[in-house]
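The values are calculated or read from the model by the stated rules, or taken from the named source; none is laboratory data. Please read all numbers here as calculations on a predicted model, not as lab measurements. In case anyone asks, the SASA skips ligands and DNA or RNA and just uses the protein heavy atoms, side chains included. Shrake-Rupley method; radii C 1.70, N 1.55, O 1.52, S 1.80 Å.
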Amino acid sequence: FQKHEFFVDMTCEGCSKAVTNVLHRLGGVNFDIDLPNKKVYINSEHNVDTLLETLKKTGKNVSYLGEKSAQ
């Protein structure tokens, strides 16, 4: 899996729940949400466009920051 890093303009727990919900609906993803830094790290076989479109369903400002090397 590629590990991707996204910026999502989250301000509260409700925002991170919205992210969790859309990613669970997509399926096939492992992810970590870093609320204070407004980052979402996703391990997935889905491509970046699919992940971006999914995150945009939250209604938040979303951008792709790049690949993270898997640790």
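If a residue counts only when it is on the phi > 0 side of the Ramachandran plot, which strands (runs of 3 or more DSSP E) contained entirely in the chain have at least 1 such residues?
Details: elements: 2-8, 29-34, 39-44, 62-68.
Of the strands (runs of 3 or more DSSP E) lying wholly inside the chain, those with at least 1 residues that are on the phi > 0 side of the Ramachandran plot span 62-68.
The residues of the range 26-71 that are at pLDDT 95 or above, among the acidic types (Asp, Glu) and open to solvent by 50 Å² or more (accessible area, probe 1.4 Å), listed by number, are 32, 49, 53.
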